[in-house]
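Trainee: The structure is given below, and queries will be raised subsequently.
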Amino acid sequence: MEVAASARKPATKRKLDDAVSNGGEATEVDLSLLEAIEKSQNAVEVLDLRAIKKHVLSFERRLKENIEARLKYPNQPDRFADSEVELHEELQKLKVLAGAPELYPDLVSLNVVPSIVDLLNHDNTDIAIDVVQLLQDLTDEDVLDENDDSARVLVDSLVDNSVLELLVQNLHRLNDSDPDENAAVYGTLATVENLIEVKPAVAELVCEKTKLLKWLLGKIKVREFDSNKQYASEILAILLQSSTVNQKKLGQMNGVDVVLQAVAMYKSKDPKSSDEEEMLENLFDCLCCLLMPLENKERFVKAEGVELMIIIMKQKKLAYASAIRALDFAMTKYPPACERFVDVLGLKTAFAAFMGKIPVSKKNKKERYQEELEERIVSLIASLFGGILRGSRRERLLSKFVENECEKIDRLMELYIRYSDRVKAETERLNQVELDDLEMDEDEKYNRKLESGLYTLQLIAVILGHLWCLEHPQMRGRIELLLKQNKLSKKHIKDILQEYHDNIGDLDGPEEKERAQAKIQKFIVVL
């Protein structure tokens, strides 16, 4: 019907033009014909079960014809070329199914998913690319919005029919230099992301069943920047962010070293575009996720990651704050990283940041950026105190708080007062919320306070506890003076530490919890 309408259109247009030129009047018949043509062009196919069956049957028929032609004439491409074109057209038509995600369970029940997925193995790369585009469309986040149950049915069927293995297998034969294949690389990564969005378990499945991690590492190794390298960094971060299994697996694949090499390209230069900047942030996200398991912290230190982060900080380029974040992850509960940091003269660089001497750019003029930097630096210094307990390294750390007339203590107390005021304001707000009859349990209240700055305040209190335990008269005098000037006493610090003590969790086991609580209790008693 549409073909017939489009075939008539040029003749009709000429007839209308002739009528206008012969006196400016078109007949009533001509106008009616134009109206009918316009309606036929604007007609939208109604997608229901019947329409889906029609599309599926047509696709299966073309697929069968193509298989038969290839089997009959395996060495004569011209004899099966037509069937391949027809199969391509049917795959394009199947994209219309994305318009009715609520019917995905019916699509699955028609048992067409195995046939579609198998085509990722097709000898003709163009057909495999068609399938990648189709899968990307069917699983698109906007398409699946508000169709969670239907989406899960489709994704489960795709995974059960080895879509992950075949997608990654096809990925290895795609050539970035070819525009269509380059687009298919992006489409493959997008499809994997879509599948994870619907079924988070896919993040570990795809790493367990395929060589995607290896492919992603190879992609971020490439020196030249392009959109697929950016997307590869993003997918890698997604795979690592909530999976200890993936973090450990990548660590065993020399992933820490590869990510450090990728980051090292920006130690003395900035990204040239916002997309490249985003990729660099993704790479640091990957690095920080990798630094969660203890064994990867060890790999980081051995690969001279501490030294690289200090170099990046000294260069004062865009990655400055990201380097501090990575160091914070590396040094948390890992003394060897803290020791290496002191040994390679990191204290000077860290305390310059602590004192607010940070590089100025459009990005870091933003208040939130500076706050995040403050919080990371406080955490890093708290890790140093927790990881370096004795010897010359400890003395070098402590001497920083005495030099220049205790300016570091002045800064520490400045931050303590600021974060204390913020937490106090949030506490008062939460109390008011309760007065307004909005129920909120203690855990929720505590989490809200943590978000408002309580965690950083607790870390500052821990650092003050370490300093007080030294029994250094100049330090103690300075702390007491600054508390008094702000109408506070040591009891205020003790109360912050007590709340921290009472809320230490047992995520690292009961023994670690007991050890951590004993350390905080010591500070409370000494104060």
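The values are calculated or read from the model by the stated rules, or taken from the named source; none is laboratory data. It should be emphasised that the depicted structure is a prediction, and the values quoted were computed from it without experimental measurement. Virtual Cβ from ideal backbone geometry, glycine too; neighbours counted across all protein chains shown. Accessible surface is based on the protein model in full, side chains and every heavy atom, while ligands, DNA and RNA are left aside. Shrake-Rupley method; radii C 1.70, N 1.55, O 1.52, S 1.80 Å.
Trainee: Just checking, does segment 77-93 include any residue being β-branched (Val, Ile, Thr) and loosely packed, with under 14 Cβ neighbours inside 10 Å?
Mentor: Yes; the residues of segment 77-93 include at least one that is β-branched (Val, Ile, Thr) and loosely packed, with under 14 Cβ neighbours inside 10 Å.
Trainee: Tally the residues that are more than 18 Å from ARG376 (Cα to Cα) and open to solvent by 70 Å² or more (accessible area, probe 1.4 Å), restricting the search to segment 296-322.
Mentor: 5
Trainee: Here's a follow-up. Keeping to segment 334-348, report how many residues are in a helix (DSSP H, G or I), open to solvent by 60 Å² or more (accessible area, probe 1.4 Å) and more than 9 Å from LEU384 (Cα to Cα). Outline the logic, then answer.
Mentor: So the first thing to find is which residues in segment 334-348 are in a helix (DSSP H, G or I), and the list is 335-343, 346-348.
In the following step, the residues that additionally are open to solvent by 60 Å² or more (accessible area, probe 1.4 Å) were identified as 339-340, 343, 348.
Imposing the further condition that a residue be more than 9 Å from LEU384 (Cα to Cα) reduces the set to 340, 343, 348.
Matching residues across segment 334-348 total 3.
Trainee: Ok, one more. How about segment 189-205: which of its residues are open to solvent by less than 60 Å² (accessible area, probe 1.4 Å), in a helix (DSSP H, G or I) and not polar (S, T, N, Q)?
Mentor: LEU189, ALA190, VAL192, GLU193, LEU195, ILE196, VAL198, VAL202, ALA203, LEU205
Trainee: Checking the conditions here, which among ASP156, ASP176 is assigned to a loop (DSSP other than H, G, I, E, B), surrounded by fewer than 22 Cβ atoms within 10 Å (Cβ to Cβ), within 25 Å of the chain's Cα centre (by Cα) and in contact (Cβ under 8 Å) with a residue 24 or more places away in the chain?
Mentor: ASP176
Trainee: Separate question: Going by the structure shown, is MET331 in contact with a Ser or Thr (Cβ under 9 Å, 6 or more places away or on another chain), open to solvent by less than 10 Å² (accessible area, probe 1.4 Å), over 28 Å from ASP508 (Cβ atoms) and not basic (Lys, Arg)?
Mentor: Against the criterion (in contact with a Ser or Thr (Cβ under 9 Å, 6 or more places away or on another chain), open to solvent by less than 10 Å² (accessible area, probe 1.4 Å), over 28 Å from ASP508 (Cβ atoms) and not basic (Lys, Arg)), MET331 does not qualify.
Trainee: Could you say which residue among LYS72, LYS53 is modelled with pLDDT of 60 or more and under 41 Å from the mean Cα position of the chain (by Cα)?
Mentor: So the residue among LYS72, LYS53 that is modelled with pLDDT of 60 or more and under 41 Å from the mean Cα position of the chain (by Cα) is LYS53.
Trainee: Another question, then. Which of the residues belonging to segment 250-275 are surrounded by 18 or more Cβ atoms within 10 Å (Cβ to Cβ) and either in a loop (DSSP other than H, G, I, E, B) or not hydrophobic (A, V, I, L, M, F, W, C) (or both)?
Mentor: Taking segment 250-275 and keeping what is surrounded by 18 or more Cβ atoms within 10 Å (Cβ to Cβ), we get 250-251, 255-256, 258-260, 262-263, 266, 271.
Matches in segment 250-275: GLY251, GLY255, TYR266, PRO271.
Trainee: Moving on to the next point. In segment 277-326, how many residues are part of a helix (DSSP H, G or I), more than 15 Å from the chain's Cα centre (by Cα) and not hydrophobic (A, V, I, L, M, F, W, C)?
Mentor: 12
Trainee: Does GLU277 satisfy being among the acidic types (Asp, Glu) and within 21 Å of GLU372 (Cβ to Cβ)?
Mentor: So GLU277 fits the description; yes.
Trainee: Search segment 236-246 for residues being assigned to a helix (DSSP H, G or I) and more than 22 Å from LYS272 (Cβ to Cβ), and hand back the single one that is nearest to the chain's Cα centre (by Cα).
Mentor: Ranking the qualifying residues of segment 236-246, first place goes to ILE238.
Trainee: Tell me which residues, restricted to segment 206-228, are over 21 Å from LEU280 (Cα atoms) and either open to solvent by 40 Å² or more (accessible area, probe 1.4 Å) or assigned to a loop (DSSP other than H, G, I, E, B) (or both).
Mentor: If the condition is that a residue be over 21 Å from LEU280 (Cα atoms) and either open to solvent by 40 Å² or more (accessible area, probe 1.4 Å) or assigned to a loop (DSSP other than H, G, I, E, B) (or both), then GLU208, LYS209, THR210, LYS211 are the ones that fit.
Trainee: Criterion first (in contact (Cβ under 8 Å) with a residue 40 or more places away in the chain and more than 24 Å from VAL46 (Cα to Cα)) does ASN147 satisfy it?
Mentor: no
Trainee: So for segment 135-143 (the condition being assigned to a helix (DSSP H, G or I), over 27 Å from GLU68 (Cα atoms) and touching a Pro at 6+ places or on another chain (Cβ under 6 Å)), does at least one residue qualify?
Mentor: For segment 135-143, residues assigned to a helix (DSSP H, G or I), over 27 Å from GLU68 (Cα atoms) and touching a Pro at 6+ places or on another chain (Cβ under 6 Å): present.
Trainee: So, in segment 439-460, exactly how many residues are in contact with a Phe, Trp or Tyr (Cβ under 7 Å, 6 or more places away or on another chain) and at negative phi?
Mentor: 4
Trainee: Also: For segment 179-188, how many residues meet the condition of being closer than 15 Å to TRP215 by Cα and open to solvent by 50 Å² or more (accessible area, probe 1.4 Å)?
Mentor: Selection size over segment 179-188: 1.
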